[in-house]
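Just below is one structure, and these are the notes that go with it.
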Amino acid sequence: MIVPSVKTLSGEGRKGVAVLAVAALAAAVAAYLLLEWHAQAAGRLVQAQSGYDLVAARTAKAAREGATRLTAADDVAPMFLEGATPGLAFARFQSVAGDAATAAGLAVKRMQPVDPGDGEGSVPYRLSMDAEGSIGQLRDFLTGVESRLPVMFVTGLEIQPAAAAGEGDPYPSESLRMTVRIEAFGWRTQP
């Protein structure tokens with residue numbers, strides 16, 4: 001069978017070949033996208049199964065070892081921010097975070113609350129803190145914050161050299177500017 005070249009085809013024939021070529025390309029792209037979506041879904045399934053297996057293994061281990069559960073007799077109050085009002089609880093939060101920064105040797109430049117939004121019952125208090133110090137002081141601060149009571153979580157960290165752009169600093173890790181976002185929980189009564 002002899003296939004005519006595109007040049008020997010009529011105008012209608014060339015349009016038909018172009019339509020077939022575009023259709024073939026569209027079918028190839030659709031097949032690729034479908035396979036890519038399937039691969040991502042399979043990856044998410046494997047990850048979910050892995051997480052499920054981990055939780056199941058930990059649950060089985062806890063059941064075998066007779067792990068104790070919290071009861072009404074357990075004192076969990078120190079895990080939460082104290083304060084008769086949200087303002088007092090937040091003041092306590094700033095005090096604890098500031099003490100941890102001072103103990104680590106950081107110079108706190110600014111601390112401000114971050115709006116936690118509307119919530120019910122126990123909602124997180126959020127704090128954004130700008131500070132300056134060395135990488136070692138930052139490490140000590142992060143360790144101190146996440147290992148003390150009340151329980152606090154570092155949810156964000158931005159670090160940059162304190163030297164201005166274009167200035168050379170032979171020891172950039174000794175002079176850093178940082179913004180740390182921290183959360184802690186406290187009981188709030190909703191209006």
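The values are calculated or read from the model by the stated rules, or taken from the named source; none is laboratory data. From a predicted model like this one, the values you see are computed outputs, not experimental measurements. Every residue, glycine among them, receives a Cβ derived from its backbone with ideal geometry; neighbour counts consider all protein chains shown. Surface accessibility is based on the protein's heavy atoms, side chains included, excluding ligands, DNA and RNA. Shrake-Rupley method; radii C 1.70, N 1.55, O 1.52, S 1.80 Å.
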Pair list, Cβ < 8 Å and 6+ apart or interchain, from the stretch 92-106 residues that are without any contact (Cβ under 8 Å) to a residue 40 or more places away in the chain and surrounded by fewer than 16 Cβ atoms within 10 Å (Cβ to Cβ) to residues that are part of a helix (DSSP H, G or I) and not basic (Lys, Arg) = GLY105/GLN137; GLY105/ASP140
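Within the stretch 51-80, which residues are among the hydroxyl-bearing types (Ser, Thr, Tyr) and surrounded by 10 or more Cβ atoms within 10 Å (Cβ to Cβ)?
Residues of the stretch 51-80 among the hydroxyl-bearing types (Ser, Thr, Tyr): 52, 59, 68, 71.
Within the stretch 51-80, TYR52, THR59 qualify.
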query = Of the numbered conditions (1) at pLDDT below 90; (2) open to solvent by less than 40 Å² (accessible area, probe 1.4 Å), SER173 satisfies every one except a single condition; which is it?
reply = (2)
request  = Being among the small types (Gly, Ala, Ser) and open to solvent by less than 40 Å² (accessible area, probe 1.4 Å) is the filter; apply it to the stretch 123-161 and report the residue that is nearest to THR85 (Cα to Cα).
outcome  = SER128
ask   = Since ARG44 meets every condition but one in (1) without any contact (Cβ under 8 Å) to a residue 40 or more places away in the chain; (2) open to solvent by less than 100 Å² (accessible area, probe 1.4 Å); (3) of a type outside the set (A, V, I, L, M, F, W, C), which condition does it not meet?
value = (2)
